[in-house]
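Asks: First the structure, then my questions, so here it is.
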Amino acid sequence: ENGWCTLKSLCGTHTISPSAPTFSFGRHSSCSWVCDDRRVSNKHFELSYNRAAVCKETAVTCVDTSSNGVFVNGKKIGKGKSSVLRSGDVIALVPGVEALSFTFTMENKTEERKDETPLTRFDTVIVESSEANEEEGQESANSPRPGSSQIGDAITCGICFGLLYKCVTVVPCMHNFCGPCMREWSDARERAPCPQCRGATTHIRRNHAMLGIIEAFLRENPSRQRTAEEQRELDAKPDVPDSVL
Ligand SMILES: [Zn+2]
Ligand SMILES: [Zn+2]
């Protein structure tokens, strides 16, 4: 009840109130809101709220990441495309199904919360790439341990929700993403904002320390390994070029 918007299902059963600026809806457990319905994609759609937007009318976008479509006021967005959302819009995952259709409403009180730092669950553990971390045997007291409940989030890419691959870190916010995911997101823009917090980017760094952390995590959680097919898909995508790093 304290989020920046509400999504109320037309059947009246669910009221979702995201507080993080990025909100994902889908069947996969890594989504902000998990909906266990076979008609829902692993990640069905994602909302992004740009608190710093000058024009409040275009501050919220909905990205269609589904297989079967996201419909805003009856109009299909299209996979990989996005649509601006305004108060009163109806987002339908399956048209005509009230439990999978939501009325979107902006909350006015977000204005008063302006100087509050947006927190996402990804902020709980920040893994910094530093020389010290790369030295074998060196472990700072607060470095996350494989298998802890927080590490799964800390090593998850905020774009694809998979384990970080060819990890890059956005400076200064220190959010981590797969290199290929970041490359796709920035889409040749020189200083694309951080996809997670929308903060300004001064530069992007390769995070070599993350590789060892993920290897250790996979030894304890082999089920989190990407499938061979996912791996091939990622490998086929271009990585952030060295000239940018
Ligand atoms: Zn990724
Ligand atoms: Zn960020």
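Asks: Which residue is farthest from T103 (Cα to Cα), if the candidates are limited to the stretch 1-14 and must be of a type in the set (S, T, N, Q) and in contact (Cβ under 8 Å) with a residue 40 or more places away in the chain? Reasoning before the result, please.
Replies: The first filter runs over the stretch 1-14 and keeps only residues of a type in the set (S, T, N, Q), leaving 2, 6, 9, 13.
Subset that is in contact (Cβ under 8 Å) with a residue 40 or more places away in the chain: 6, 9, 13.
Working: T6: 8, S9: 6, T13: 12 Å.
Taking the candidates together, the pick is T13.
Asks: From the list S24, S17, S29, which one is more than 16 Å from F102 (Cα to Cα) and either touching a residue at least 40 places away in the same chain (Cβ under 8 Å) or among the hydroxyl-bearing types (S, T, Y) (or both)?
Replies: S29
Asks: Out of (1) open to solvent by less than 10 Å² (accessible area, probe 1.4 Å); (2) of a type outside the set (F, W, Y); (3) without any contact (Cβ under 8 Å) to a residue 24 or more places away in the chain; (4) in contact with a Leu (Cβ under 8 Å, 6 or more places away or on another chain), what's the single condition that is false for V72?
Replies: Among (1) open to solvent by less than 10 Å² (accessible area, probe 1.4 Å); (2) of a type outside the set (F, W, Y); (3) without any contact (Cβ under 8 Å) to a residue 24 or more places away in the chain; (4) in contact with a Leu (Cβ under 8 Å, 6 or more places away or on another chain), V72 violates only (1).
Asks: Another question, if that's okay. Given the criteria farther than 24 Å from S66 by Cα, touching a strand residue (DSSP E or B) at 6+ places or on another chain (Cβ under 8 Å) and modelled with pLDDT of 85 or more, does V244 qualify? It would help to see each step written out before you state the result.
Replies: Numbers: farther than 24 Å from S66 by Cα: yes; touching a strand residue (DSSP E or B) at 6+ places or on another chain (Cβ under 8 Å): yes; modelled with pLDDT of 85 or more: no.
Considered against the rule, which asks whether it is farther than 24 Å from S66 by Cα, touching a strand residue (DSSP E or B) at 6+ places or on another chain (Cβ under 8 Å) and modelled with pLDDT of 85 or more, V244 comes out as no.
Asks: If you don't mind, there's one more thing I want to ask. Taking the condition open to solvent by 10 Å² or more (accessible area, probe 1.4 Å) and either part of a loop (DSSP other than H, G, I, E, B) or within 13 Å of ligand 2 (Cβ to nearest atom) (or both), does M174 pass? Break it down into steps so the answer makes sense when it comes.
Replies: Values: open to solvent by 10 Å² or more (accessible area, probe 1.4 Å): yes; either part of a loop (DSSP other than H, G, I, E, B) or within 13 Å of ligand 2 (Cβ to nearest atom) (or both): yes.
Taking the combined requirement at face value, the residue satisfies it.
Let's see how each residue does on (1) without any contact (Cβ under 8 Å) to a residue 60 or more places away in the chain; (2) within 18 Å of the chain's Cα centre (by Cα); (3) in the same structural domain as T156 (by TED's automatic domain parsing); (4) within 16 Å of ligand 1 (Cβ to nearest atom):
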| residue | (1), (2), (3), (4) |
| --- | --- |
| F177 | yes, yes, yes, yes |
| P193 | yes, yes, yes, no |
| H208 | no, no, yes, no |
| I213 | no, no, yes, yes |
| P241 | yes, no, no, no |
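Asks: Which condition from (1) buried (at least 20 other Cβ atoms within 10 Å of the Cβ); (2) within 16 Å of ligand 2 (Cβ to nearest atom); (3) of a type in the set (V, I, T) is the one that I151 breaks?
Replies: So the condition that I151 fails would be (2).
Asks: In addition: Sort out which residues of the stretch 217-233 are open to solvent by less than 90 Å² (accessible area, probe 1.4 Å) and either outside the structural domain of C160 (by TED's automatic domain parsing) or not in a helix (DSSP H, G or I) (or both), and write them in order of number.
Replies: N221, R226, T227
Asks: How about the stretch 35-63: which of its residues are within 17 Å of A192 (Cβ to Cβ), in a loop (DSSP other than H, G, I, E, B) and under 15 Å from the mean Cα position of the chain (by Cα)? Quick ask: steps written out before the conclusion?
Replies: Here is the first cut: in the stretch 35-63, the ones within 17 Å of A192 (Cβ to Cβ) are 46, 48, 50, 52-53, 61, 63.
Imposing the further condition that a residue be in a loop (DSSP other than H, G, I, E, B) reduces the set to 50, 52-53.
Matches in the stretch 35-63: N50 only.
Asks: Now for a different question. Restricting attention to the stretch 184-202, which residues are within 16 Å of ligand 2 (Cβ to nearest atom) and either of a type in the set (A, V, I, L, M) or open to solvent by 80 Å² or more (accessible area, probe 1.4 Å) (or both)?
Replies: Taking the stretch 184-202 first, the residues within 16 Å of ligand 2 (Cβ to nearest atom) are 185-186, 189, 191-202.
Listed by number, the residues that qualify are R189, R191, A192, A200.
The values are calculated or read from the model by the stated rules, or taken from the named source; none is laboratory data. Computed from a prediction, not measured in an experiment: that's the story for all the values here. Cβ: placed from backbone, ideal geometry, glycine included. Neighbour counts: every protein chain shown. Protein only, heavy atoms only, side chains kept; ligands, DNA and RNA dropped before computing areas. Shrake-Rupley method; radii C 1.70, N 1.55, O 1.52, S 1.80 Å.
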